[in-house]
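All remarks here apply to the structure that follows.
The values are calculated or read from the model by the stated rules, or taken from the named source; none is laboratory data. Keep in mind the model is a prediction, meaning the values are calculated, not measured. Cβ atoms come from the backbone with ideal geometry, glycine included; neighbour counts cover every protein chain shown. Only protein heavy atoms, including side chains, enter the accessible area calculation; ligands, DNA and RNA are left aside. Shrake-Rupley method; radii C 1.70, N 1.55, O 1.52, S 1.80 Å.
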Amino acid sequence: MAVETKETGRGDIRTGSEKVKKALPKMLKGGVIMDVVNAEQAKIAEAAGAVAVMALERVPADIRAEGGVSRMSDPELVAKIIESVSIPVMAKARIGHFVEAQILQSLGVDCIDESEVLTPADEEYHIDKSKFDIPFVCGARNLGEALRRIGEGAAMIRTKGEAGTGDVVEAVRHARAILGEIRMLSIMPREELMSYAKKIGAPFELVLKVAEEGKLPVVNFAAGGIATPADAALMMQIGVEGVFVGSGIFKSGNPEKRALAIVKATTFFQDPQVLAEVSRNLGEPMVGRTAASLAVTETLATRGW
Amino acid sequence: MASTIGILSLQGDVAEHCRAIEELGARALQIKYSKQIDEVDGLIIPGGESTTIAKLTADNPDLIFDRIRAFIDLGKPVYGTCMGSIFLAKEIEGSAQGRLAAMDIKVRRNAFGPQRYSFETDLDIPLLGSQPVPAVFIRGPVILSAGINVTVMAHVDANVGKITKTSNPVEIDESVTSYIVMARQKNLLVSSFHPELTDDLRVHAYFLKMVEESKSAFTTAQPQFAIV
């Protein structure tokens, strides 16, 4: 753990501690994190009320369309986006590519997404996230996967969903899986917990903690296919703590209006009147394609384990 | 009767404040609509993003912004942590973003740089006792200056910002030895840090005391409502 300690008259200054890393995502709760590919989009996202932006070269829908190997964004682009906004900036590193993560940390990003949207660099091992001074967010499809990532040091979990489709069905599936398993754990007798930990391939200590507290030990957002205010509110009502919107905003007809509408829908997720109001006249949503129509080789959620 | 504390729940670390308030035996109420403010004795504005909260309060037909202003003008206690302190400030360095402009302080947003320079430390807060108070700063602001009617409650060594090579484009004034990170102005309390993320509840207890005092002041001022 890279904890910098500095003696001062008023006590130690501790940066990069687990507490400090887990705290940043807590400040993002109830908010929307938006994918942006340049400084102009980042400013639009900030003005619309995004709590953070995800800086990347291509949104997932384009990564799908264009194919090829998808890597960490150009540091120049990431740096420009950091300069252009006052809200936190996140960026994606490939699964297992700890050097991309080192580079992103040195650039001053606030959080790293070890993301299945990029082409994995390691098909066996994820990044040891406990070594870094900044928090990581990782995708998960079920509780076992979420707890493995937390065990490696992730400070935030998001559903994987199926990025770049505009189809919310996989995000719903993953959120229901994670939250359902948590509900099941919270009523499971203690003697069954070890076998359950073995079955889902999760660290026993974390299984115990979830069983006791009835929630993940880190913040849990939804991602992957959220394209409308109603999609965002659906995920919030299912029980996540905030949403990522990737291609859904800047691949739509009126990004400014849609961005603000999704921000409001995430706050007033239980208020159908507000949802109806903000959903009016948003223009064309992203075209999208159904997650079910993807060939197995086209799915992103199956990357990582 | 136990006090009811509203937690502004448009965005931010709401659950953490609710936990702190409930552990102290008061009632926590999550507030999203202006009419709910009538039900509370004090209000907490949590940590979160100040530009988000500015947007959600300004661009809102519910007029919750005006209702919070009226609550403050009535003298009801309001506590802002981190984002909340920015939202309460009169002046935000280099920014025209929306704010309540209720407290006579000038704040610098994100004063220590990006998240890798966020930190935890222990602060001397004499008004809360001799034991230092654990404090978590997450991309935290500092108070650059405060009016004469503001009581400064805690400082952090300005070297922290220098140590952490602040990425802020503003110049660092070498003559500054410390920044204000907690202050009170009558019914308003602000902290740059997040006591709701620790097990030390003294800051929340202090705010609850402000709320109790305000309630008894209201009862005294309006004797017609007193129970005979």
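Considering (1) more than 7 Å from chain B (Cβ to nearest Cβ); (2) in contact with a helix residue (DSSP H, G or I) (Cβ under 9 Å, 6 or more places away or on another chain), the lone condition that residue A:30 does not fulfil carries the number (1). Candidates are the residues of the range B:113-151 that are under 22 Å from residue B:205 (Cα atoms), of a type in the set (D, E, K, R) and outside any loop (DSSP other than H, G, I, E, B); the one that is most open to solvent (accessible area, probe 1.4 Å) is B:122.
Looking at the structure I just gave you, is residue A:77 among the aliphatic types (A, V, I, L, M), out of contact with any Gly (no Cβ under 9 Å at 6 or more places or on another chain) and farther than 30 Å from residue A:173 by Cα? So residue A:77 fits the description; yes.
In this structure, does residue A:149 turn out to be in contact with a Cys (Cβ under 7 Å, 6 or more places away or on another chain) and either crowded, with 19+ Cβ neighbours inside 10 Å or not in a loop (DSSP other than H, G, I, E, B) (or both)? Answer is yes for this residue.
Considering (1) closer than 23 Å to residue B:185 by Cα; (2) out of contact with any Phe, Trp or Tyr (no Cβ under 9 Å at 6 or more places or on another chain), the lone condition that residue B:22 does not fulfil carries the number (1).
Scoring residue A:169 on the criteria (1) open to solvent by 20 Å² or more (accessible area, probe 1.4 Å); (2) in contact with a strand residue (DSSP E or B) (Cβ under 8 Å, 6 or more places away or on another chain) leaves a single failure, condition (2). Filtered by the rule that a residue be part of a loop (DSSP other than H, G, I, E, B), closer than 15 Å to residue A:84 by Cα and not aliphatic (A, V, I, L, M), the range A:26-48 gives a lone residue, A:38.
When the residues of the range B:153-205 are filtered to those that are of a type in the set (A, V, I, L, M), outside any strand (DSSP E or B) and open to solvent by 10 Å² or more (accessible area, probe 1.4 Å), the one that is modelled with the lowest pLDDT is B:170. The test for being surrounded by 21 or more Cβ atoms within 10 Å (Cβ to Cβ) and either hydrophobic (A, V, I, L, M, F, W, C) or over 12 Å from the mean Cα position of the chain (by Cα) (or both) holds for residue A:89. Going through (1) of a type in the set (A, V, I, L, M); (2) buried (at least 24 other Cβ atoms within 10 Å of the Cβ); (3) more than 10 Å from every other protein chain (Cβ to nearest Cβ) one by one, residue A:52 falls short only on (3). Whenever a residue of the range A:195-221 is open to solvent by 20 Å² or more (accessible area, probe 1.4 Å), its partners that are not in a helix (DSSP H, G or I), lying with C-beta atoms within less than 6 angstrom and at least six residues away or across chains, give the pairs A:209/A:217. Pairing residues of the range B:118-145 that are basic (Lys, Arg) with residues that are open to solvent by 20 Å² or more (accessible area, probe 1.4 Å), at Cβ distances under 8 Å and at least 6 apart in sequence or on separate chains, gives B:139/B:110.
Across the range B:98-112, the number of residues qualifying as open to solvent by less than 30 Å² (accessible area, probe 1.4 Å), within 13 Å of chain A (Cβ to nearest Cβ) and touching a helix residue (DSSP H, G or I) at 6+ places or on another chain (Cβ under 8 Å) comes to 3.
Picking from residues in the range A:235-283 that are hydroxyl-bearing (Ser, Thr, Tyr) and either open to solvent by 20 Å² or more (accessible area, probe 1.4 Å) or away from chain B (no Cβ under 14 Å) (or both), the one that is nearest to residue A:28 (Cα to Cα) is A:247.
Test of understanding: among A:82, A:44, which residue is within 26 Å of residue A:131 (Cβ to Cβ), in contact with a helix residue (DSSP H, G or I) (Cβ under 9 Å, 6 or more places away or on another chain), surrounded by fewer than 24 Cβ atoms within 10 Å (Cβ to Cβ) and not polar (S, T, N, Q)? That would be A:82, the only listed residue that is within 26 Å of residue A:131 (Cβ to Cβ), in contact with a helix residue (DSSP H, G or I) (Cβ under 9 Å, 6 or more places away or on another chain), surrounded by fewer than 24 Cβ atoms within 10 Å (Cβ to Cβ) and not polar (S, T, N, Q). Among the residues of the range A:127-145, those that are over 23 Å from residue A:172 (Cα atoms) and either under 16 Å from the mean Cα position of the chain (by Cα) or buried (at least 22 other Cβ atoms within 10 Å of the Cβ) (or both) comprise A:127, A:129, A:132, A:134, A:135. The criterion of at least 3 residues that are open to solvent by 10 Å² or more (accessible area, probe 1.4 Å) and modelled with pLDDT of 95 or more is met, among strands (runs of 3 or more DSSP E) falling completely within the range B:1-97, by B:27-31.
To keep it simple, each residue is scored yes or no on (1) in a helix (DSSP H, G or I); (2) more than 14 Å from every other protein chain (Cβ to nearest Cβ).
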position: A:134; (1), (2): no, no
position: A:162; (1), (2): no, yes
position: A:172; (1), (2): yes, yes
position: A:179; (1), (2): yes, yes
position: A:193; (1), (2): yes, yes
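Within the range A:12-21, the set of residues being within 9 Å of chain B (Cβ to nearest Cβ) and over 23 Å from residue A:56 (Cα atoms) comprises A:12, A:13, A:14, A:15, A:16, A:17, A:19, A:20. Restricting attention to the range A:195-234, the residues that are out of contact with any strand residue (DSSP E or B) (no Cβ under 7 Å at 6 or more places or on another chain), among the hydrophobic types (A, V, I, L, M, F, W, C) and in a loop (DSSP other than H, G, I, E, B) add up to 2.
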